[in-house]
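Inspection log for the structure reproduced underneath, given as structure tokens.
No value in this document is a laboratory result; all are computed from the given coordinates. Everything numeric here is computed off the predicted structure, so don't read it as measured data. Here the Cβ is made from the backbone with ideal geometry for all residues, glycine too, and neighbour counts use every protein chain on show.
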Amino acid sequence: MAPKAEPKAKSDVKVLKGQDAEDLVLDYVKRMNRPYGAVDVCANLKGAVPKAAVQKILLALAEKGELVQKTYGKTSFFVANQANIEAIPAEHIAVLEEEHKAIDEENKLLGAEVKTLNSEFARLKNTPTDAQLNVHIAELAEAIKKTDVQLQPLRSGAPLISAEDLEQVDADWVKWRAEWVRRRKIFNDFWQLATDAITPQDAQILAEDLGIEQDTDEHVAVERGPLGTAQKNLKRKR
């Protein structure tokens, strides 16, 4: 057996009749001041006046001159009679214009304030969170710890490298770098003669077979770094 349909909830809108209904319809049409049909008025009043009564009231108000009726095809529209609407005095218009001007200025100030707040909000969004700051602080603490370990020998009074030792290191570097440059030039000249008649691919295979090792990225980095640059500048001065 099919369940019984639940009864529809009763509307809380009070249905008006007579003069109350007529006053409500007239007040609504005047207040909106735009064309309406009976169906629209009934719907907008939430059923406070039945549709059939709305149609009769609109026609009666049109006969009294309170409304103006316009018919398009089979549909009639009603609008407040503009002749009955009191014209706004010039003084009142001036007051409204001043109010509009004041509101417009206030809107501009509020717009500037909103812009400032948006900028502040964007800045706050880019600010690291507490969690991100904690991670950054932990990384800095670890870096400080490592640096402190490196500085510990100096704090304990360990002897520093003397100026004579530094000069000796520089001299050794100049000596053995010059020897490396000389030998590399000899090898390059010899290798150019030995591989002049073969293709680059065959030259590479031959180098691999002979176990020849070219300069690594570390060698290139040292040569292009401050040590190699300083040595080249020293040669130019001489």
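Calculate how steeply helix 90-126 sits against the longest principal axis of the alpha-carbon atoms of the chain, using the helix alpha-carbon long axis, and give the answer as 0 to 90 degrees to the nearest 10.
Helix 90-126 sits roughly 30 degrees off the main axis of the chain.
Near Ala171, within a Cβ-to-Cβ distance under 12 Å, what is the net charge of the other residues, with Lys and Arg +1 and Asp and Glu -1?
Charge balance in the 12 Å sphere: -3.
Taking the mean number of other Cβ atoms within 10 Å as a proxy for protection, how do you rank 122-133, 39-50 from highest to lowest?
Per-residue mean Cβ counts within 10 Å order the peptides as 39-50, 122-133.
Do any of Lys30/Lys51; Lys17/Lys46; Lys14/Lys64; Lys17/Lys56; Lys14/Lys74; Lys14/Lys51 go past 23 Å between their Cα atoms, and which? It would help to have the intermediate numbers written out before the result.
Values: Lys30/Lys51 18 Å; Lys17/Lys46 14 Å; Lys14/Lys64 26 Å; Lys17/Lys56 12 Å; Lys14/Lys74 31 Å; Lys14/Lys51 14 Å.
Over 23 Å Cα-Cα: Lys14/Lys64; Lys14/Lys74.
Around Ala43, with a cut-off of 15 angstrom between Cβ atoms, what is the net charge of the other residues, counting Lys and Arg +1 and Asp and Glu -1?
Working: positive: Arg34, Lys46, Lys51; negative: Asp40.
In short, +2.
For segment 36-193, what is Rg from Cα atoms divided by 2.2 N^0.38 Å, rounded to two decimals?
Compactness ratio reported: 3.07.
Under the Kirkwood approximation for Rh and a Cα-based Rg, what ratio Rg/Rh is obtained for segment 87-127?
Checking Rg against Rh, the ratio lands at 1.42.
Where does the chain land at 222 nm, in deg cm²/dmol rounded to the nearest 500, when only DSSP H runs of n ≥ 4 count, each adding -39500 (n - 2.57), divided by all residues? Don't skip to the end; give the middle numbers.
Working: 9 runs with 162 residues, N = 238.
Mean residue ellipticity at 222 nm (helix-derived): -23000 deg cm²/dmol.
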